[in-house]
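Bear in mind that the values in this text are calculations on the coordinates, not laboratory data. Quantities reported herein were computed from a predicted structural model and do not represent experimental measurements. Glycine gets a Cβ as well: all are built from the backbone with ideal geometry, and neighbour counts include every protein chain shown.
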Amino acid sequence: MKSIKLSSYLSILILLFTATQDCSVKDWDYEQNPKLTYDFNHLDLDMTIDPVNETVKGVATYSISAKIPAQTEVILHAAALEIDAITFDGDEKEFSVSGDSLIIDLADTLSMTSESELAITWQGRSIYGTHKDRFGTIWSSLNPKSQRHWLPVYDHPRVAFSVDANITIPANLDVVFNGNLVSDQVTSTDTKTVSWKADTAIPATGLNFAVGKFESSEAQSGINKVRVFGETRVVTRDEVQEILSEAIRSKRILENELSFEYPWEALNVVVLEDNFWDEKADAAGVVYLAKNRGALTTQLQRGLVAQWFGQYQRKENISDQFEVFELVKKAAFNNAEFESEKIGNSDSLYSLKSWNLIVSCCEVVETFLQKTIEESLSELVRKESGVVSNTFYTDYWYEETGIPFPQIETEKFEISESEAQTDSLLYKLDLEYDEINSTATAYFTSLSGSGEDLQSLNMTVFTFDDSTTSEVTFTGERDSVKIAVPATVEYVRINSGSTDIAEIGFGRFPVMFLLAQLRSSNVEDRRLAASLLSYHTDNPDLQLALKDALNAETDVQTKANLLSTLGAFTSGATGTEIQFMQEVNSDHEEIQIAALEALSNYKEDENVPGVIQQKMERTSSDDVFTVAKTSFLEVADLPRKISATRRLIQIDTTGTRSLSLLKEIISADTTNQSQQIAEELISFEFPYSTRIGALNLLLEHVQDGDYWGNKIVELSSDFDPRIRLKVLEGLDFLSETDAENIVDAVLLSEFDVRVLMSGEEL
């Protein structure tokens, strides 16, 4: 039982964030108060995006003006971009590149009285600036300092400008950008040009695009268009409509709570399968949702809050997005009475992890957050636009409360479990019948819990023409109760009474009771009897009775239970497999599962593995597949298991089923066939969960240094930074010299801070 002061909790939180900032986040921080000697007023963007080759090219024309006289150069950012030409008011200009800086020489000083046009023709392909998923969708990263990897731009939150964008893409695709959709025109048999317009100044760090096949819908909300674009293979049209409705609802709530209209011209929501480790999921007027994170509504609401606190107000220091900034976002949730959940990927390094910490903090600390932060939200968003810092918020709260943040003394709170939890009680019940003395004896055995208190159950005795119910009491770890029953008894039913028992597990009951129970009009009684007959496999004469009951039964679950019981009786005996092989193709999953479980006993029948494999390949049910896989592993030899895994790759587009089977066989495979299958599953056509699972298998089972040296180099250009990071674990199998050489080589083209840090540590 622990009690913690809020000040202590927040101090710990801040220490965590500070440590994170010192070791990693600083590499993503923007320059504090950069010397911007010129204004970027407008961007005319003509851009072509090729999703197949993952390239972006075009002409970016900036309208700029000098802020101070005698400016002879303009500096932008361009990382890993090929600059083809630069003109200034129509004249070609010399330029140079130093690191991420694009330095443009001007023959004349930049005018302070008029605008000039700076046009940059470029092309590029960056594994850091864009992502591409297995469906062919390509989109720009929103992580800090990422825009410079696909567009020549002054990549800083203090720079903002209006935008007119003409984006050429394949004719069968759609594109999302900042602002409003203006036009969509086919320009050739293969391409079309889509125009987007943002009259409200867009921060350079809030620029983004997404190109893919989208299911879309739109509606008007006040003066704003709200659009939802969902990958066609990720969300249905109904889901798109649900997200659209929630976006409009949440936007209205926040506008009312903040007393501040939505700060951008339009709200565009993009729904993807995978976020590719991007922690930042919001741009100016755009919110990205990812299925792999879960809690889509929470992601949407958090992204909407970020339109005010994150885009309208934005930070130079990325560490500011933790602590206070996230507290503000969470407070907006509470104040607006949103039902938020924790967002997935809780083990990630940056904002998602901190978000979940903030959520946990808010769940147990209400007074300060509710009274101080929530009440100030409206004033905070009105007080400042553009770039802000933590002190902007903390100074305001200090002025309001007179208490320095975060040294807040508040009531102690406790995070504890209930002191009076009752042990979960589980009993097993066996029943014996003494026909001579007309008595039934119930034997109770405690499987969990102390069972010290007196417990009671109701026992209903069924005869040919009547039924009576009486109370049965018992206690302790073991107890037995003798009950008088009429000579005409057919069977008994045990029901819950005044008891603390969580569950009664039924064991061995008299055969004559169970056979009579199979004829009951009560379907639950029949289902139970069908299962409990499996305790009597020592009575082979019952097989005929089971088959007769199967033929007469109409309830699917009872038939499935009977089939399972029959499987226990036959236990793989030669010649008894035919019925189970036939029932594998039943119309009912319950029966399929029972038949597949029974077939696991027929290891000697050469036909059984083929029947089970066929079911694995054809079933759409994950439950049926799981049972089929378990049985298949019992009856098939290794070559067949490997062959089945390869077959599944061709059928299962996600690779999930292939991977689950591969996990079971790779340790027994002395050939390199399983290794080859794992390498196929790492290919980019599969989702991240499959790819990382296959890579983990290789790291666990392959220890060859030469192999990993080649594999690290191969995957160092992978579009997914999580894969690039994970493969570095293969350095453990290399000599120190070889590892250093490979790290030096692969990190030359690496931009993701997390991968760089890990490479340097290794």
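Taking every alpha-carbon pair under 8 Å whose residues sit at least 6 apart, region 438-578 reaches a relative contact order of 19 percent. Across region 31-212, C-alpha contacts under 8 Å between residues 6 or more apart give a mean separation that, scaled by the residue count, equals a relative contact order of 24 percent. A simple charge model with +1 on the Cβ of Lys and Arg, -1 on the Cβ of Asp and Glu and nothing else charged puts the dipole of region 102-203 at about 500 debye relative to its Cα centre. Taking the Cα atoms only, what angle lies between the long axis of helix 589-599 and the longest principal axis of the chain, rounded to 10 degrees? Taking Cα atoms only, the helix is inclined about 70 degrees. Taking the longest Cα principal axis of the chain as reference, the axis of helix 296-308 is set at about 20 degrees. Counting charges near residue 525 (Lys, Arg +1; Asp, Glu -1) among other residues having Cβ under 13 Å from its Cβ returns a value of 0.
Extent along the principal axes, Cα only, for region 31-212: 50, 30, 28 Å, with the longest axis given first. Checking the cross-link pairs 251/329; 213/251; 213/342; 132/342; 192/213; 57/192 against a 18 Å limit on the alpha carbon distance flags 213/251; 213/342; 132/342 as lying beyond it.
Taking neighbour counts of Cβ atoms within 10 Å as a proxy for exposure, in what order, fewest first, do 227, 233 appear?
Placing the least packed residue first, the sequence is 233, 227.
Note on the chain: dipole from Cβ charges, positive end direction compared against 480, 83, 560; the farthest Cα belongs to 560.
With Cα atoms as the point set, the radius of gyration and Dmax of the chain evaluate to 33.6, 117 Å.
Post the alpha-carbon centroid distance, region 487-556 to region 618-671, in whole angstrom. Measuring centre to centre over Cα atoms gives 36 Å. Normalised by the number of residues in the chain, the mean separation of alpha-carbon contacts (under 8 Å, six or more apart) gives a relative contact order of 8 percent.
Backbone amide hydrogens, once placed in the peptide plane, bring residue 447 within less than 5 Å of 426, 427, 428, excluding anything fewer than 5 places away on its chain.
The residues packed around residue 335, meaning those with a beta-carbon under 10 Å from its beta-carbon, carry a net charge of -3 if Lys and Arg are +1 and Asp and Glu are -1.
For region 531-623, rounded, prolate or oblate, judged on the Cα gyration tensor with a ≥ b ≥ c (square roots of eigenvalues), a/c < 1.5 rounded, else prolate if a/b > b/c? Cα axes put region 531-623 in the oblate bin. Using the rule -39500 (n - 2.57) for each DSSP H run of four or more residues, divided by the residues of the chain, the 222 nm mean residue ellipticity is -11000 deg cm²/dmol.
Listed by Cβ neighbour count within 10 Å, with the fewest neighbours leading, 565, 121, 113 appear as 113, 121, 565.
Considering only 180, 97, 139, and ranking their Cα positions along the charge dipole of region 31-212 that arises from unit charges at the beta-carbon of Lys, Arg, Asp and Glu, the one farthest toward the positive end is 139. Net charge in the neighbourhood of residue 195 (other residues with Cβ under 12 Å of its Cβ; Lys, Arg +1, Asp, Glu -1) is -2.
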